[in-house]
Amino acid sequence: MEKIVIEGGNRLIGEVSVSGAKNAILPLMAASILVDGWNVIRNVPSLRDIKTFRDLLLHIGCEVDEDPEEKTIRIRAHEITSFEAPYEMVKTMRASILVLGPLVSRFRRARVSLPGGCAIGTRPVDVHLMGLKKIGCDVTLEHGYINVKADRLIGTRIYLDIPSVTGTENLMLAGVHAEGVTVIENAAMEPEVVFLAESLNRMGAQIRGAGTDTITIEGVRELHPAEHTVIPDRIEAGTFMIATAMTRGNVLIKNCPLEYLDSLNLKLKEAGVDVRAENSGVRVIGDYPLRSVDIKTLPYPGFPTDMQAQMMAMMTISSGLSVITETVFENRFMHVGELKRMGADIIINGNCAIVKGVERLSGAPLMATDLRASASLVLAGLVADGVTEVSRIYHLDRGYENIEKKLSGLGARIKRINSE
């Protein structure tokens, strides 16, 4: 097992580039199932989740050709040999459910394991199944699997009880081959949803309204492969913005999609951080004392739940009292216990965390519980006195490409070691 070791106290200075967005790549990899030909995806980072999804595509019979140096993946779904996403694969990554929509869309059948719960809370698939039933699918649950069959797919109006990102994406993928028009209301508006719609349109789909709460899909008989360049990862960019602010740094974050980070940008400025657009990136300049700000996570364009843990790490050393309210996932305070081991002053009250800033944190051995919690512990380690060791970093590798190398390039004293 590997762990990350950090000796805190260094300011982050320099330039860093943001990798392609994992949450944009995975649905696009799933969309490759829709076409018989080589779909090409560029700007693909080396991440555990992408490798897991690649293995799933290989399992169902897709051909996958990777070029890590060019950061490119080519996928061809010429001969699908299996219509099942088994539990052994789905349990390691909930996004595996994204194969459900395209398999049903192209082949009218799919069998996908129910994902179950995870450390940050339950994420029910009800909206996926309800939408598939609406467009004509026969959906049954049996032995822990979702079984879906359809003779034909008929466009209709679908209202989502919650604006689920993967639910919206799955129904878009299913709806591209439905007869007539499919309308998804209360749809997710995240940039990754917009990117998927634009990518599908590049492949011959007819989708309008992505980025609003109503998406309209006019079914087409056939799609064709295309080339796609993935958008930058707004969560990675935001993580570097907070890291710079916490360390009183001065960093130019290249390829930073500031237009997708408006809520974070406003909160950082409210906290006293200097954030300014510069060339094709964003310069962040941190200065003390940081001011405490209140945060409430909401679906896009609200403050992202995927930035909550990192922002909490910053609030632990800010001046004043902060109330952080988590409305998206019920268990997304798993990092609080670890931050308290470092000397943070945090009280949990239901779905609220009350954070009183302290003068300094102390390095400690820590254990990560999920992807974004891992990032928050690394950020806390950057400013803590002494040495911080973060174990179970396989969570971190799911969504951050070489984070320790990128931070080290900015002056952080951080390294990855074998904990054996």
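The values are calculated or read from the model by the stated rules, or taken from the named source; none is laboratory data. As the structure is a prediction and not an experimental result, all values here were calculated from the model. In this analysis, Cβ positions are derived from the backbone assuming ideal geometry, glycine residues included, and neighbour counts consider all displayed protein chains.
Would you say Ser199 is at negative phi and in contact with a Phe, Trp or Tyr (Cβ under 7 Å, 6 or more places away or on another chain)?
Numbers: at negative phi: yes; in contact with a Phe, Trp or Tyr (Cβ under 7 Å, 6 or more places away or on another chain): no.
No; evaluated as a whole, the condition is false for this residue.
Out of curiosity, is Leu98 within 21 Å of the chain's Cα centre (by Cα), touching a residue at least 12 places away in the same chain (Cβ under 8 Å), in a helix (DSSP H, G or I) and buried (at least 22 other Cβ atoms within 10 Å of the Cβ)? Even if it seems obvious, please write down each step before you answer.
Numbers: within 21 Å of the chain's Cα centre (by Cα): yes; touching a residue at least 12 places away in the same chain (Cβ under 8 Å): yes; in a helix (DSSP H, G or I): yes; buried (at least 22 other Cβ atoms within 10 Å of the Cβ): yes.
Yes.
For the stretch 229-246, which positions are buried (at least 24 other Cβ atoms within 10 Å of the Cβ) and either among the hydroxyl-bearing types (Ser, Thr, Tyr) or not in a helix (DSSP H, G or I) (or both)?
Of everything in the stretch 229-246, those that are buried (at least 24 other Cβ atoms within 10 Å of the Cβ) and either among the hydroxyl-bearing types (Ser, Thr, Tyr) or not in a helix (DSSP H, G or I) (or both) turn out to be Asp233, Thr239, Thr244.
Test Thr182 against the criterion of being buried (at least 23 other Cβ atoms within 10 Å of the Cβ), in a helix (DSSP H, G or I) and assigned by TED's automatic domain parsing to the domain that holds Arg111, and give yes or no.
no
Can you name the number of the only condition in (1) at pLDDT 95 or above; (2) closer than 22 Å to Tyr400 by Cβ that Cys118 fails?
With respect to (1) at pLDDT 95 or above; (2) closer than 22 Å to Tyr400 by Cβ, Cys118 is out only on (1).
If I go through the stretch 353-387 residue by residue, how many of them are without any contact (Cβ under 8 Å) to a residue 60 or more places away in the chain, in a loop (DSSP other than H, G, I, E, B) and buried (at least 19 other Cβ atoms within 10 Å of the Cβ)?
Matching residues across the stretch 353-387 total 2.
For the subset of the stretch 64-85 comprising residues that are part of a loop (DSSP other than H, G, I, E, B) and free of Cβ contacts under 8 Å to residues at least 40 places away in the same chain, which member is surrounded by the most Cβ atoms within 10 Å (Cβ to Cβ)?
Per the stated criteria, the residue is Phe83.
Does at least one position in the stretch 274-292 carry a residue that is surrounded by 21 or more Cβ atoms within 10 Å (Cβ to Cβ), farther than 16 Å from Gln308 by Cβ, hydrophobic (A, V, I, L, M, F, W, C) and more than 25 Å from the chain's Cα centre (by Cα)?
Within the stretch 274-292, one or more residues are surrounded by 21 or more Cβ atoms within 10 Å (Cβ to Cβ), farther than 16 Å from Gln308 by Cβ, hydrophobic (A, V, I, L, M, F, W, C) and more than 25 Å from the chain's Cα centre (by Cα).
Starting from residues that are touching a residue at least 24 places away in the same chain (Cβ under 8 Å) and charged (D, E, K, R), keep the ones in the stretch 398-420 and report whichever is farthest from Arg234 (Cα to Cα). Explain how you work it out, then say what you get.
If we filter the stretch 398-420 for residues that are touching a residue at least 24 places away in the same chain (Cβ under 8 Å), which is where we start, we get 398-404, 406-407, 409-420.
Applying the additional criterion that residues be charged (D, E, K, R) yields 398, 401, 404, 406, 413, 415-416, 420.
On the way: Arg398: 15, Glu401: 13, Glu404: 18, Lys406: 16, Arg413: 24, Lys415: 24, Arg416: 24, Glu420: 34 Å.
Among those that are touching a residue at least 24 places away in the same chain (Cβ under 8 Å) and charged (D, E, K, R), it is Glu420.
Residues in the stretch 376-390 that are within 10 Å of Ser362 (Cα to Cα) and either not assigned by TED's automatic domain parsing to the domain that holds Gly409 or not hydroxyl-bearing (Ser, Thr, Tyr) (or both): how many?
Residues in the stretch 376-390 being within 10 Å of Ser362 (Cα to Cα) and either not assigned by TED's automatic domain parsing to the domain that holds Gly409 or not hydroxyl-bearing (Ser, Thr, Tyr) (or both): 7 in total.
Based on this model, can you work out whether Asp161 counts as within 27 Å of Glu222 (Cβ to Cβ) and assigned to a loop (DSSP other than H, G, I, E, B)? Full working, then the answer.
Values: within 27 Å of Glu222 (Cβ to Cβ): no; assigned to a loop (DSSP other than H, G, I, E, B): yes.
Taking the combined requirement at face value, the residue does not satisfy it.
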